[in-house]
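The values are calculated or read from the model by the stated rules, or taken from the named source; none is laboratory data. Owing to the predicted nature of the structure, the values given are computational and were not obtained by experimental measurement. FYI the Cβ positions are ideal-geometry reconstructions off the backbone, even for glycines, and counts take in every protein chain you see. To get the accessible areas, we keep the full protein, side chains included, count just its heavy atoms, and leave off ligands, DNA and RNA. Shrake-Rupley method; radii C 1.70, N 1.55, O 1.52, S 1.80 Å.
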Amino acid sequence: MLTTMTNPGVRLDRLLLFHFLLITAWVILAAPLLSQNRTIEPLILASLTITLSCVSTLIGLKLGHGFTRVAYTLLFASWMAVWAQQLFSL
């Protein structure tokens with residue numbers, strides 16, 4: 001895949017990884033609200049993660065997404081929320 005980055009400090013692999021981790025955390029947090037059927041839930045999670053990660057990465061490319069302290073804080077807070085959700089659902 002060839003793409004030109006408007007921000008020379010941002011690498012495409014880091015952008016893809018950032019958006020994949022962020023969307024995965026949000027989908028895991030929303031999973032109990034999306035489906036009550038446990039047999040179909042993994043299919044929904046995988047489909048949403050792939051689709052939303054692609055859309056989010058394309059939007060990030062279009063906007064010239066840069067990695068700031070706020071972006072990393074949002075990613076960290078999302079995964080701490082996933083951790084807390086899993087901890088309290090036991």
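Here are a few things to note about the model shown:
Yes or no, residue by residue, for (1) out of contact with any Asp or Glu (no Cβ under 7 Å at 6 or more places or on another chain); (2) of a type in the set (Gly, Ala, Ser); (3) modelled with pLDDT of 90 or more:
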| site | (1), (2), (3) |
| --- | --- |
| ASP13 | yes, no, no |
| ALA25 | yes, yes, yes |
| PRO32 | yes, no, no |
| GLU41 | yes, no, no |
| ILE50 | yes, no, yes |
| SER53 | yes, yes, yes |
| ARG69 | yes, no, yes |
| LEU75 | yes, no, yes |
| PHE88 | yes, no, no |
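- Considering residues of region 35-58 that are open to solvent by 90 Å² or more (accessible area, probe 1.4 Å) and part of a helix (DSSP H, G or I) only, the residue nearest to MET80 (Cα to Cα): ILE50
- Qualifying residue in region 80-90 (condition: touching a residue at least 40 places away in the same chain (Cβ under 8 Å), among the aromatic types (Phe, Trp, Tyr) and open to solvent by 40 Å² or more (accessible area, probe 1.4 Å)): no
- Residue count for region 59-79, restricted to those that are assigned to a helix (DSSP H, G or I) and open to solvent by 60 Å² or more (accessible area, probe 1.4 Å): 10
- Qualifying positions in region 26-50 - of a type in the set (Gly, Ala, Ser) and farther than 22 Å from PHE76 by Cβ: SER35, ALA46, SER47
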